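Have a look at the structure below, then the notes.
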Amino acid sequence: MTDNSVPTGIEGLDSVLGGGFPRNSLIIVAGNPGTGKTIFSAQFIYRGATEYGENGVYVSFAESRESFINNMKQFGFDFEKLESEGKFRYLDFLTVREAAISAILDIILKEIKRLKAKRLVIDSFSAMSQAFKREFDARIFIHTVLSRIMRQVGCTTILIDEIPYETEHIGSGMEEFVADGIILLRAIEQDERLFRDLLIKKMRGKEITEDRLAFTLKGGFRVFPPFKSRTPTETRRFKPIEDGPDKFSTGSADLDGLLDGGYPKGSTVLLEIGRDISNMQYHLILAPTAWNFLAKNRGVIILPSSGISYDIVRAGLRWLIFPRM
Ligand SMILES: Nc1ncnc2c1ncn2[C@@H]1O[C@H](COP(=O)(O)OP(=O)(O)OP(=O)(O)O)[C@@H](O)[C@H]1O
Ligand SMILES: [Mg+2]
């Protein structure tokens, strides 16, 4: 953690962000319904108060305090306790749709000052815009309040943007330019499985080398750090895995688990390799199968692609076994 970074409290994300969000920045968290925007933002506030000594205010235009507090309990976030300790405040503006924008701003600012809050969430900009439509242009809100005043009070702010299904762009298109950072949450359905991923579309002053990260909401918002192969500190002999009655083990217990025991005996398996998968990465799947055969004194036939010689194949298999050679 550096002075200029605010830890997000999201497991796995801070290392990618070089410590966290830029201090006093305005971050947009955008996504389709149900993609985890509220959980992300609630965790940012909760961990801020419990682990980083930064009090927080959560402003909602869509969800009541009771519903929020109850929903968040399942992730182990006890917001009631934080409230009683004066570290947290939930402001809901569900029933004050007619209130003037200036009155709402006054309430938010007063709470921030009273709590000496360092973190603020607005859930959501989309819902707020609707509440203000009749009397004020909500876009002025971001310009006057979020981008200017919040910086003065010293609050790192998350502005949630709801992206309706079938819509490509984020919000009104304006807040994107004002924001210091944009995080897009997605849920992609593929082969009847749900994949969640997080895209860092913009982060002022940060060099982001990994901008697309998988995440889960189970047990809280957790980002999976990008795959990095490690050189083991000590090497040991490969231990073969027994084959099932009708399956050949892949040589990897984890992969066997996913494949219900391994590759069906006598089958042909096509391994499709994405463009962003390195040689090293897919050989980590191929090599153990070969080792598992070799270790049991069975033969393996490898037909190398053009330009790959016997020596390269042998060195490749050995290199994976003895990474330092
Ligand atoms: N206990 C849980 N464990 C794992 N996932 C959960 C749990 N409870 C809810 N979810 C998932 O969390 C998602 C909702 O998260 P969240 O409320 O943060 O989304 P959101 O983006 O704020 O949605 P909305 O746009 O409707 O406000 C749902 O897709 C649901 O499947
Ligand atoms: Mg929500």
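Rule-based calculations on the coordinates, nothing more; no lab input. Fair warning: this is a prediction, and the values are worked out from it, not measured in the lab. No Cβ is skipped: glycine too gets one built from the backbone with ideal geometry, and neighbour counts run over all protein chains shown.
Below, the figures for the structure above:
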| quantity | calculated |
| --- | --- |
| Nonlocal amide H pairs with Ser5, under 5 Å, H built at 1.01 Å | Arg23 |
| Computed over the chain: relative contact order in percent, which uses C-alpha pairs under 8 Å that are six or more apart | 18 percent |
| Per-residue ³J(HN,Hα) for segment 254-259, Karplus 6.51 cos²θ - 1.76 cosθ + 1.60, θ = phi - 60°, Hz, x for Gly and Pro | 5, 5, 4, x, 5, 9 |
| Helix 279-294 vs. the chain, principal-axis angle (Cα, 0 to 90°, nearest 10) | 40 degrees |
| Long-range HN-HN contacts of Glu11 with modeled amide H, under 5 Å | Val223 |
| Size-normalised alpha-carbon gyration radius of the chain, reference 2.2 N^0.38 Å | 1.28 |
| Of the trypsin sites (Lys or Arg not before Pro) in segment 227-265, those whose Cβ has at most 14 other Cβ within 10 Å and which sit in DSSP loop | Lys228, Arg230, Arg236, Arg237, Lys265 |
| Degrees, to the nearest 10: 310-321 long Cα axis against longest axis of the chain | 50 degrees |
| Pairwise FRET efficiency - Gln74 versus Thr233, Cβ, R0 = 41 Å, nearest 0.05 | 0.60 |
| Counting DSSP beta bridges with both ends in the chain, the antiparallel % (nearest 5) | 40 percent |
| Gly31 long-range amide H proximity, modeled H, under 5 Å | Asp161, Ile163, Leu185 |
| Estimated 222 nm signal from helices in the chain, with DSSP H stretches of n ≥ 4 weighted -39500 (n - 2.57), rounded to 500 | -8500 deg cm²/dmol |
| Residue range of the chain that is longest and free of GluC sites (Glu not before Pro) which are both DSSP loop and sparsely packed (at most 16 other C-beta within 10 Å) | 1-84 |
| Where only C-alpha atoms are counted, convex hull volume of segment 247-321 per residue in Å³ | 114 Å³ |
| Counted charge near Ala253, where neighbours are those whose Cβ lies closer than 14 Å (Asp, Glu -1; Lys, Arg +1) | -3 |
| Filtered chymotrypsin sites (Phe, Trp or Tyr not before Pro), segment 16-97: DSSP coil and at most 12 other beta carbons within 10 Å | none |
